[in-house]
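Let me begin by presenting the structure, written as structure tokens, before commenting on it.
The values are calculated or read from the model by the stated rules, or taken from the named source; none is laboratory data. None of the values given here were measured: they were computed from a predicted structure. Cβ placement follows ideal geometry from the backbone for every residue including glycine, while neighbour counts extend to all protein chains displayed.
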Amino acid sequence: MSYEKLKEELQQTELSLVNAAQLNEEQVKSTQDRLYKMIDYTGMRLDWYVDQCYRLLQIGLALIATGSAVVALFSKLEHLAGITQFLAWVFGGSLFLTGLFLVHCYNRYLTEDYPYRKVVDIHSWYFLYSFSRQLDPNLGRNIGDNSQGEG
């Protein structure tokens with residue numbers, strides 16, 4: 001059974017369930033609004049999560065750079081007490097290793113197979129369920145865009 005045929009059958013099943021409920025126009029509008037809000041919330045939630053992951057990467061890279069700078073700075077300074085130099089190495093090394101760990105966590109996030117990635121693009125749901133497939137593919141073009149020679 002092809003994907004398109006299965007999708008069509010599922011859509012018909014869902015449509016028949018909605019039609020069987022015999023909702024009035026206000027109930028349909030309320031349900032649609034609620035679905036759009038759910039999709040919007042899901043999209044915003046996914047955006048927040050991805051933003052947090054990018055922040056994790058940025059913090060990790062900053063810690064790596066800072067740790068390297070601390071170690072480089074204190075290794076060039078002479079006439080420091082041995083304990084001061086040792087503590088600087090420990091501090092710089094711990095910053096560097098923490099940064100490496102955060103970058104590793106970010107890379108592990110990218111390689112894992114999360115279920116939401118199978119859905120592809122949550123933001124496209126709105127357009128898929130809001131507009132029919134018979135729309136003109138040039139609908140999104142600017143009015144002044146005359147790339148097909150029509151005027």
>> Going by what's in this entry, would Glu78 be described as under 16 Å from the mean Cα position of the chain (by Cα), modelled with pLDDT of 70 or more and exposed (fewer than 10 other Cβ atoms within 10 Å of the Cβ)?
In response: no
> Would you call Gly60 farther than 15 Å from Cys105 by Cα and not polar (S, T, N, Q)?
Replying inline: no
> Taking the range 64-75 as the search range and keeping residues that are under 31 Å from the mean Cα position of the chain (by Cα) and among the β-branched types (Val, Ile, Thr), which one is surrounded by the fewest Cβ atoms within 10 Å (Cβ to Cβ)?
Replying inline: Thr66
> Would you call Asn138 assigned to a helix (DSSP H, G or I), at pLDDT below 90 and among the polar types (S, T, N, Q)?
Replying inline: no
>> Return the pair list, or none, for Cβ contacts closer than 7 Å from residues in the range 83-94 that are without any contact (Cβ under 8 Å) to a residue 12 or more places away in the chain to residues that are of a type in the set (A, V, I, L, M, F, W, C), at least 6 apart or on different chains.
In response: Gln85/Phe74
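Per-residue answers, yes or no, for (1) in contact (Cβ under 8 Å) with a residue 40 or more places away in the chain; (2) more than 23 Å from the chain's Cα centre (by Cα); (3) at positive phi:
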position	(1), (2), (3)
Gln22	no, yes, yes
Val28	no, yes, no
Asp33	no, yes, no
Lys37	no, no, no
Gly43	yes, no, no
Val50	no, no, no
Leu56	yes, no, no
Ala62	no, no, no
> Can you tell me how many residues in the range 99-125 are of a type in the set (Val, Ile, Thr) and either modelled with pLDDT of 60 or more or loosely packed, with under 10 Cβ neighbours inside 10 Å (or both)?
Replying inline: 3
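Per-residue answers, yes or no, for (1) in a helix (DSSP H, G or I); (2) among the polar types (S, T, N, Q); (3) surrounded by 12 or more Cβ atoms within 10 Å (Cβ to Cβ); (4) modelled with pLDDT under 85:
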residue: Glu26; (1), (2), (3), (4): yes, no, no, no
residue: Thr31; (1), (2), (3), (4): yes, yes, yes, yes
residue: Arg34; (1), (2), (3), (4): yes, no, no, no
residue: Asp40; (1), (2), (3), (4): yes, no, yes, yes
residue: Arg55; (1), (2), (3), (4): yes, no, yes, no
residue: Ala62; (1), (2), (3), (4): yes, no, yes, no
